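These notes concern the structure reproduced below.
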Amino acid sequence: MRIVTEIKRKSKIFRKSLTLRISGSKDKRSIPNYIPSNSITIQDIPIDCLERIFSHITNISEENSNDILNYNIKISTLFNCARVNKLWSALVIPKLWRRPFHFVLSDEQNCTLISTLILFLSEQDKNVLIDQQLKFVEMKNINDRFIKFNYPQLIKLFDYDNFIKSVHRWVVRYPNTCTEFGKSRLVTQLLGKVLFKGNDLNGFKTFNYFRAKIYDNFDFISLYKLIPQNSFGCFNNLTQLEYRNPHK
């Protein structure tokens, strides 16, 4: 309720400002479609206003991502907003998925993230993972699950090292406890193919590449091996590239 109340309050301010700009008068009745502030509902909030509010929450989250508590609160706020109705979900989900590997998630959250991306594998690749006897939490009917958004295409800011860590964690820690690093390499390659191919048209806006020494023994760290042939278009709209190599 606190979230809805705050959004309603900001919507009233937005509408008042819009009224004054259009009419040049303090008489709000000059706007035919004006809705009295005391009767405003969620459905009455303008899409532009919602977009500005959700963007504001997203920007605050990214600016304070080093503050774990604050970051989790803001992300939780966005998740709650996404559950209000279909319109809010359509506005919020792209913001939640624009940079999914930016911050270290809990084991359960990380499991949900990787398991969701696995849904976008081809049937052949899904069967490969099943043959490897990897666990899929809440994904028993993996081939039949309904997908509401094309999540790989929503990713605009990609953190390469965190992606590697996230997949590795899914395989060796939770929900799986596999010590065969070859399976981590396999899952990383399959998901990497989906992410880079999925962004071939629109492309990433920001790409952060950081090689962690801890993964030196695993050849799945190679960026070149993850990008499918003819999928380098994912870098066409790149506006920021950050490269860090601890070996140099």
statement: Nearest-0.05 FRET efficiency for ASP48 and LEU157 at R0 = 22 Å, using Cβ-Cβ distance, is 0.40
query: In a shell of Cβ-Cβ distance under 12 Å around GLY192, excluding GLY192 itself, what net charge do Lys and Arg (+1) and Asp and Glu (-1) give?
result: +3
message: Using a Förster radius of 35 Å, what is the FRET efficiency between GLN132 and ASP107 based on their Cβ-Cβ separation? Nearest 0.05, please.
response: 0.95
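Could you please rank SER184, SER115, placing first whichever residue has the fewest other Cβ atoms within 10 Å of its Cβ?
Sorted ascending by nearby Cβ count, the order is SER115, SER184.
Just so you know, all these numbers are worked out from the coordinates, no wet-lab data involved. Nothing here was measured: the structure is a model prediction, and the numbers come from that model. Don't worry about glycine lacking a Cβ; one is built from the backbone with ideal geometry, like all the others, and counts go over all protein chains shown.
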